[in-house]
Amino acid sequence: MSDVGGISGERLRTFIERIERLEEEKKALNDDIREVYSEAKGTGFDVKILRQIVALRKMDASDRSEMEEVLDVYKRALGM
């Protein structure tokens with residue numbers, strides 16, 4: 001492949017192919033995650049809550065603490 005407008009066609013193809021492979025891997029991982037959630041649901045776990053727990057665990061501890069404090073204030077303001 002030749003250079004066109006200063007762009008190496010072969011180099012570009014390499015990037016595109018790497019991205020495509022990673023997209024395929026990402027799809028496979030997403031399928032695996034979906035399967036685990038389905039398995040958890042089948043054993044009686046609430047998938048919605050599991051997703052929230054996973055999101056909370058991804059957060060920095062201080063960010064999570066701040067969010068929980070604000071949530072508590074809002075709930076109290078609403079009489080919940």
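Mind checking the full-extension length gain between Asp32 and Glu17? Use 0.36 nm per residue of separation minus the Cα-Cα distance, one decimal, nm.
My answer for the length gained is 3.1 nm.
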Computed [θ] at 222 nm, helices only, for the chain once each DSSP H run of length n ≥ 4 contributes -39500 (n - 2.57) = -27500 deg cm²/dmol
Taking one equal scatterer on every alpha-carbon of the chain, how large is log10 of I(q)/I(0) by Debye at q = 0.11, 0.16 1/Å?
-> -0.62, -0.83
Straight-line reach from Lys75: which lysines have a Cα under 29 Å away, not including same-chain ones fewer than 8 places off?
-> Lys41, Lys48, Lys58
Across bins of 5 angstrom width beginning at 0, how are the C-alpha pair distances of region 1-45 distributed, in whole percent?
-> 5, 20, 12, 12, 11, 9, 9, 7, 5, 5, 3, 2
Could you give me the ³J(HN,Hα) list for region 63-77, computed from phi with Karplus coefficients 6.51, -1.76, 1.60 and θ = phi - 60°, whole Hz, x at Gly and Pro?
-> 5, 5, 4, 4, 4, 5, 5, 5, 4, 5, 4, 4, 5, 5, 5
Give the angle, between 0 and 90 degrees and rounded to the nearest 10, that separates the Cα long axis of helix 9-42 from the longest principal axis of the Cα atoms of the chain.
-> 30
Sparse-neighbourhood loop hits (chymotrypsin sites (Phe, Trp or Tyr not before Pro), the chain; DSSP loop; Cβ within 10 Å at most 15 others) -> Phe45
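Just so you know, all these numbers are worked out from the coordinates, no wet-lab data involved. None of the values given here were measured: they were computed from a predicted structure. Note: ideal-geometry Cβ built from the backbone for every residue, glycine included; neighbour counts use all protein chains shown.
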